[in-house]
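> Structure below; questions to follow.
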Amino acid sequence: MRLSAMGDVAMTVPVVAALRRAYPSLRISVLTRTGFRPFFRGIPDLTFVDFDPTGRHKGFFGLVRLACDIGTCGADTVADLHDVLRTKVVRTLVRLRGMRVAVIDKGRKEKKAMTRRAGKRLVPLAPTTERYRHTIRRLGFDFDMPREPERAVCPVPDPIAGTTGPKKGRWVGIAPFAKHRGKIYPIPLTDELIGLLNETYDRVFLFGGGEHEKSFAEGMERRHRGVVSVIGRMNMSQEMDLIANLDAMVTMDSATMHIASLLGVPVVSVWGATHPFAGFYGYGQDPANAVQADMPCRPCSVFGDRPCIFGDYRCMHAIAPQQIAERVERVVSARTIPPESIRNHP
């Protein structure tokens, strides 16, 4: 069970994939939102229990129905990888039905010590993927994680192929937005960064979700000949196909970092209020590609949702666009993919 958020669900994928490789005949069901199904498209023989929080599974009696749906899928063990009020209710109900349950240890105490104002304990914590794996292992399934995700070759999706044609030259993506302000690169600096990337690469693709983000991205598209906005033009599966064609992706501490990681695409990630040490770094990504400013106030939040104590989010303003662009150039220049490591996507 992992109901949200998008990035956290994406981080379950390499764990479920490793479980599948270790236990080819195991019946595995994933309980999450329907829109997140494309993340798991490379894992064979999965079934899904679709969480519908506004319809079938709304309210307490909806959670009772959800527990019944878990029973209907034939599960006899449940790994709660979320540990929120909803999943606490559901796991109590499935226990009453005789199922064995394991619950994730989120390390809340350690994360609180990392983000307190004074006396921060800034040490690397267990990656979230490892926390997921240990939860499932407590149910009796012993397996190891692969060292890095496999790179997949995907076609350029039709909604973009009409503009770009097939992949030629060097393509990079940028997702400068996030849910919380503490994880968003300032708009003026994003504007400058896009200009720098556009001068260097054949195509620069802008990713995001909201209407404000869509308006900004389309403005960048009009100003820069090589910039293409994908916001609102593709579904999730198509976005993943496009990301698989990129030579590098620039993201914040956001879901796009994890989606690119699933596809084996190198990510240059930008960190403000949050920190890679909290365990949410992209799976298989090089730690050297995390761009951040060393400040005594950082990190101030696990999720980036706390207001800046100074009011100006100086941790993000301290990162120069040129610094990010130079890191991208090093990543793209160093990137080589031996032919034998490339497989066609199913």
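> Give me the accessible area of Asp191, 1.4 Å probe, in Å² rounded to the nearest 10.
Surface accessible to solvent at Asp191 totals approximately 40 Å².
> Rounded to the nearest 500 deg cm²/dmol, what is the calculated helix-only ellipticity per residue at 222 nm for the chain, with -39500 (n - 2.57) per DSSP H run of length n ≥ 4?
When only DSSP H runs of four or more count, the value is -10500 deg cm²/dmol.
> Below 8 Å between Cα atoms, with a sequence gap of 6+, how large is the relative contact order for region 210-346 in percent? Kindly include the intermediate steps, with their values, before the conclusion.
Values: 146 pairs, mean separation 24.6, N = 137.
Taking the mean separation of contacting Cα pairs over the length of region 210-346, I get 18 percent.
> Could I ask something else about it? For the chain, what does the accessible surface come to per residue with a 1.4 Å probe? Please give it in Å².
Per residue, the chain has 47 Å² of solvent-accessible surface.
> What number do you get for the chain when its Cα radius of gyration is normalised by 2.2 N^0.38 Å, N = residues? Don't jump to the answer; show the numbers that get you there.
Working: Rg = 20.5 Å, N = 346, 2.2 N^0.38 = 20.3 Å.
Dividing the Cα Rg of the chain by 2.2 N^0.38 Å gives 1.01.
> For the full complex of protein chains and a 1.4 angstrom probe, list Met6, Met240, Met1 by accessible area with the highest value first.
Result of the area sort, largest leading: Met6, Met1, Met240.
> To the nearest 10 square angstrom, how much accessible area does His224 have with a 1.4 angstrom probe?
It works out to around 30 Å².
> Let me ask another. Multiply the residue separation of Asp312 and Arg147 by 0.36 nm, subtract the distance between their alpha-carbon atoms, and state the gained length in nm to one decimal.
55.5 nm
> What number, in percent, do you get for the relative contact order of the chain if the mean sequence gap of Cα pairs under 8 Å and at least 6 apart is divided by its residue count?
Reported as a whole number, the value is 18 percent.
> Compute, for Arg138, the solvent-accessible surface of its heavy atoms (probe 1.4 Å) with the complete set of protein chains present, and express it in square angstrom to the nearest 10.
The accessible area comes out at roughly 130 Å².
> Using only the Cα atoms of region 190-265, what do you get for the radius of gyration and for Dmax, in Å?
11.9, 31
> Roughly speaking, what is the stretch gain from Arg116 to His134, that is 0.36 nm per residue apart minus the C-alpha to C-alpha distance, in nm to one decimal?
Going from the current span to full extension adds 3.8 nm.
> May I ask which of Lys88/Lys120; Lys111/Lys179; Lys179/Lys214; Lys111/Lys183; Lys109/Lys179 have a Cα-Cα span longer than 22 Å here?
Values: Lys88/Lys120 30 Å; Lys111/Lys179 20 Å; Lys179/Lys214 15 Å; Lys111/Lys183 17 Å; Lys109/Lys179 24 Å.
Too far apart for the 22 Å limit: Lys88/Lys120; Lys109/Lys179.
> Given R₀ = 35 Å, what would the calculated FRET efficiency be for Ala334 paired with Arg56, taking r from the Cβ atoms and rounding to 0.05?
0.15
> Round to a whole number: what % of the accessible area of region 239-310 belongs to carbon and sulfur, probe 1.4 Å?
Answer for region 239-310: carbon and sulfur cover 57 percent of the accessible area.
> Okay, next question. I need the P(r) histogram for region 1-149: all alpha carbon pairs, bin width 10 Å from 0 out to the longest distance, whole percents.
The calculated distribution, bin by bin, is 11, 39, 34, 14, 3, 0.
> OK, next. Under 8 Å for C-alpha pairs, at least 6 residues apart: give me the relative contact order for region 215-264, rounded to a whole percent.
25 percent
The values are calculated or read from the model by the stated rules, or taken from the named source; none is laboratory data. Predicted, not measured: the structure shown is a model, and the values here were computed from it. FYI the Cβ positions are ideal-geometry reconstructions off the backbone, even for glycines, and counts take in every protein chain you see. We work out accessible area using only protein heavy atoms, side chains counted, and drop any ligands, DNA or RNA first. Shrake-Rupley method; radii C 1.70, N 1.55, O 1.52, S 1.80 Å.
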